[in-house]
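J.: Just passing along the structure, written as structure tokens.
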Amino acid sequence: MVDRSISESPASSRGDTGSPDQTRQRKSDRQQGNDRSAWNWLLLPAIVIPLLVPLYNRIEPTLFGWPFFYWGQLAFIALGVATTSVVYQKTKTRKDPDADRSRPSTGAADRKGR
Amino acid sequence: MDGIKTTELVIFVFFFLVVTVMGFYAARWRRPTDLMHLDEWGLGGRKFGSWVTWFLVGGDLYTAYTFVAVPALMFGAGAAGFFAVPYTIILYPIFFLILIRLWSVSHVRGYVTPADFVRARWDSPTLALLIAITGIVATMPYIALQLIGIEAVLKTMGVKGEIPIVVAFIILALYTYSSGLRAPALIAFVKDTLIYLTIIVAVIVIPSKLGGWDVIFGAAEEKFGSGAGVLLPATGQLQYATLALGSALALFLYPHSITAVLASKNRDVIKRNMSALPAYSLALGLLALLGFMAIAAGTTPVDGDNNTIVPALMDQMFPDWFAGVAFAAIGIGALVPAAIMSIAAANLFTRNIYKEYFRKDASSRDEARVAKIASLVVKLGALAVIIFIDPQFSIDLQLIGGVIILQTMPALAIGLFTRWFHPWALIAGWVGGMGVGMLMLYNIARIDPATGEVIRAHFGGSAFALTKLGFDTPATIYTGFVAIGVNLLVAVIATFLLRAMKQPEGTDTTRLEDYFADEDDPRVHDLPLDVGDREPAGDAGGRPRDPNPGT
């Protein structure tokens, strides 16, 4: 019974784990519906590019006296922020980013710390 | 450098007292109905929102030792020290993909430690014990290193002897004991505010005093001129990239990172933080350059200890009162991670050693009590290590720590995605990776770059020469990277063998949908074995759970 509430997919609204075949079916539904997202691929460049040392192990172009090696790597931070932000926006659970603030929460103390 | 610097010390002590009061007050912050439960004491109630999580995780990952050691590395070794930047950039996309699943399954099943998850996923108490011990052993020297951060600051202020550190650590131990994870969460606000303030002032004031960034990079260029100057030598590039990747993979496996992440209240809080936490990476990158500023300013480290280079530079460049603020930032910066690490180690001990092997029927009150005492023991142990053993020992151990914690990756991180491996194959892989890693570290000598003399014959660093593996190249590679490769290889081969021998593989007590569950997921409350039920799933009695929970 409990499973029904978390998924719209017909295969997983069954309340049992079922035969191996059913499980497999549920698995693919689940992965597409809930966790797996093509947007996650966007995170890959943010992991790979900062590791490509030959790309930035150079002095030119300099910026405010900084060799490229230094300002270039700091600039990759923006790449990381941009990709994680986009993937978050595209994969977040709630449509409204502030929903979890306005939602009745588990206690007043919960909001106090924000 | 003789004599005590009164103004600096007064300001330092003032901030220390402020956080002490906050640390004890934290027990009442977001007051729980009962603090005597690991979810409360050890995970702060599992309810931290975006802001608290940002301060807590930032305060946890960017430790005082990082802030002291990274610029010291830049000062001593040049460009290689900047690996901390790519390391802390790639960290977050990796967190994003992996830790969110761990959060979900832990949330649904009530896991407190990474080893809880391993225990249930692989149905293997032995593997869980290995993971727990690995975590504790890797964390202990990390705590000790935080003391080195405080020591560096005290030294610069002219405070000698060990008594101040002992006092500071005992106070920390006491409020961690009484407030649990709420204490570092609250103190982290002060720590990070001071850190950002210090860094912003430092990167504006110091370059203008020194005559601009050209002068700073010029001085570094001159110092490292014989090599590649302010760039990496061709032979150091592989080491740079593999060290950054290996360190990033290791960091999220550390128990203290996982503890801080599990304390957040939902998946979106974690995801949002992955975009917000890189602000700390920017701060760290700027701070790293303080090492070069010290070269340009002609700063000399106190007592020849390179770790004092940042405090010494601040002492030289800032007015006394602001130097005091900066020192407080570093000092408090040591307290936050030390508290979280000791809590994480205590949670591991309680859940995966005490409860598993000594008292299977321990109630949640017993768990909280044991964890509180364990956190005291862990901190006193770290203190003893620093006082009675050469601090270099902790630095070496921490180097090893990164390599050994990486060996938990297959069971923990890969385990979040697949149960393809055989549990015993993972144990074999752990043994293989650990053995190879230790052997390699043992065979790395530290060589004085100027004279070519061997300073230390063994455990001299983490850069392993590829020639020793038979490659015809002067390049080096990060040891942990090779060790995890061996670990995976052994685990794959052993899985095929064990499967061919039809060895039983145990029962996975997690379900696929657990890995995507979120805060208000109704199942969390319907499950008979959830957090609220105070009897976490499948990790206690060794029985496979009811495989048919929906009926």
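J.: Condition check: surrounded by fewer than 24 Cβ atoms within 10 Å (Cβ to Cβ), under 16 Å from the mean Cα position of the chain (by Cα) and more than 23 Å from B:V230 (Cα to Cα). Does B:I94 satisfy that?
T.: yes
J.: Still on this structure, I have one more. How do the pairs read when you match residues in region B:245-273 that are within 11 Å of chain A (Cβ to nearest Cβ) and farther than 17 Å from B:I90 by Cβ with residues anywhere that are among the hydroxyl-bearing types (S, T, Y) and part of a loop (DSSP other than H, G, I, E, B), using Cβ under 8 Å and keeping only pairs 6 or more apart or on different chains?
T.: Sorted first by the residue in region B:245-273, then by its partner, the pairs are B:N266/A:T93; B:R267/A:T93; B:D268/A:T93.
J.: Consider B:I100 carefully, then state whether it is farther than 29 Å from B:T476 by Cβ, in contact (Cβ under 8 Å) with a residue 60 or more places away in the chain and under 20 Å from the mean Cα position of the chain (by Cα).
T.: It is true that B:I100 is farther than 29 Å from B:T476 by Cβ, in contact (Cβ under 8 Å) with a residue 60 or more places away in the chain and under 20 Å from the mean Cα position of the chain (by Cα).
J.: Follow-up. Go over the candidates B:L172, B:L210 one by one and state the one that is more than 24 Å from B:A260 (Cβ to Cβ), among the hydrophobic types (A, V, I, L, M, F, W, C) and touching a residue at least 60 places away in the same chain (Cβ under 8 Å).
T.: Selected residue: B:L210, the only one of B:L172, B:L210 that is more than 24 Å from B:A260 (Cβ to Cβ), among the hydrophobic types (A, V, I, L, M, F, W, C) and touching a residue at least 60 places away in the same chain (Cβ under 8 Å).
Matching residues to (1) more than 25 Å from B:A173 (Cβ to Cβ); (2) within 14 Å of chain A (Cβ to nearest Cβ); (3) surrounded by fewer than 21 Cβ atoms within 10 Å (Cβ to Cβ):
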position	(1), (2), (3)
B:W41	no, no, no
B:L61	no, no, no
B:A69	no, no, no
B:A72	yes, no, no
B:G78	yes, yes, no
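J.: Okay, moving on. Return the residues of region B:244-286 that are part of a loop (DSSP other than H, G, I, E, B) and within 27 Å of A:W66 (Cα to Cα); say none if nothing qualifies.
T.: B:L277
J.: Could you run through region B:10-62 and say how many residues are modelled with pLDDT under 80 and within 26 Å of B:S247 (Cα to Cα)?
T.: Residues flagged as modelled with pLDDT under 80 and within 26 Å of B:S247 (Cα to Cα) within region B:10-62 amount to 0.
J.: Return only the number of the condition from (1) among the aliphatic types (A, V, I, L, M); (2) outside any helix (DSSP H, G or I); (3) within 14 Å of chain A (Cβ to nearest Cβ) that B:L91 does not satisfy.
T.: (2)
J.: Give B:E505, B:E535 a once-over and let me know the one that is part of a loop (DSSP other than H, G, I, E, B), over 30 Å from B:T235 (Cα atoms), of a type in the set (D, E, K, R) and at pLDDT below 80.
T.: Result: B:E535 is the single residue among B:E505, B:E535 that is part of a loop (DSSP other than H, G, I, E, B), over 30 Å from B:T235 (Cα atoms), of a type in the set (D, E, K, R) and at pLDDT below 80.
J.: Has region B:136-145 got at least one residue that is surrounded by fewer than 24 Cβ atoms within 10 Å (Cβ to Cβ) and touching a Lys or Arg at 6+ places or on another chain (Cβ under 9 Å)?
T.: no
J.: From B:T198, B:T235, grab the single residue that is surrounded by 21 or more Cβ atoms within 10 Å (Cβ to Cβ) and part of a helix (DSSP H, G or I).
T.: Just one listed residue meets the conditions, B:T198.
J.: Residues that are modelled with pLDDT of 75 or more, at least 3 per element: which helices (runs of 4 or more DSSP H) completely within region A:19-101 meet that?
T.: So the answer is A:43-48, A:53-56, A:68-91.
J.: Can B:V112 be described as of a type outside the set (G, A, S) and under 17 Å from B:V261 (Cβ atoms)?
T.: In short, yes.
J.: Any idea how many residues of region B:387-419 are at pLDDT 85 or above, of a type in the set (A, V, I, L, M) and part of a helix (DSSP H, G or I)?
T.: Within region B:387-419, residues that are at pLDDT 85 or above, of a type in the set (A, V, I, L, M) and part of a helix (DSSP H, G or I) number 9.
J.: Sticking with this structure for a sec: Select from region B:473-521 the residues that are in contact with a Leu (Cβ under 8 Å, 6 or more places away or on another chain) and within 12 Å of chain A (Cβ to nearest Cβ) and write down the one among them that is farthest from B:G49 (Cα to Cα).
T.: B:A475
J.: Determine whether region B:326-348 contains at least one residue that is over 28 Å from A:G72 (Cα atoms) and surrounded by fewer than 24 Cβ atoms within 10 Å (Cβ to Cβ).
T.: no
J.: Let me ask something else. Against the condition in contact with a Ser or Thr (Cβ under 8 Å, 6 or more places away or on another chain), in a helix (DSSP H, G or I) and either within 11 Å of chain A (Cβ to nearest Cβ) or surrounded by fewer than 24 Cβ atoms within 10 Å (Cβ to Cβ) (or both), how does B:V85 come out, does it pass?
T.: yes
J.: Here's another thing I want to ask about it. Please pick out the residue among B:T235, B:T299, B:T242 that is within 14 Å of chain A (Cβ to nearest Cβ) and more than 30 Å from B:V137 (Cβ to Cβ).
T.: Answer to the selection: B:T235.
J.: Which ones in region B:287-324 are surrounded by fewer than 21 Cβ atoms within 10 Å (Cβ to Cβ), in a helix (DSSP H, G or I) and not small (G, A, S)?
T.: B:V302, B:D303, B:N306, B:Q316, B:D320, B:W321, B:F322
J.: Identify the residue in region B:24-38 that is in contact with a Leu (Cβ under 7 Å, 6 or more places away or on another chain) and part of a helix (DSSP H, G or I) and, among all such residues, is surrounded by the most Cβ atoms within 10 Å (Cβ to Cβ).
T.: Looking at residues that are in contact with a Leu (Cβ under 7 Å, 6 or more places away or on another chain) and part of a helix (DSSP H, G or I), I get B:A26.
The values are calculated or read from the model by the stated rules, or taken from the named source; none is laboratory data. Note that the structure is a prediction, hence the values are computed from the model and not measured. Cβ coordinates were reconstructed from backbone atoms using ideal geometry, including for glycine residues, and neighbour counts include every protein chain displayed.
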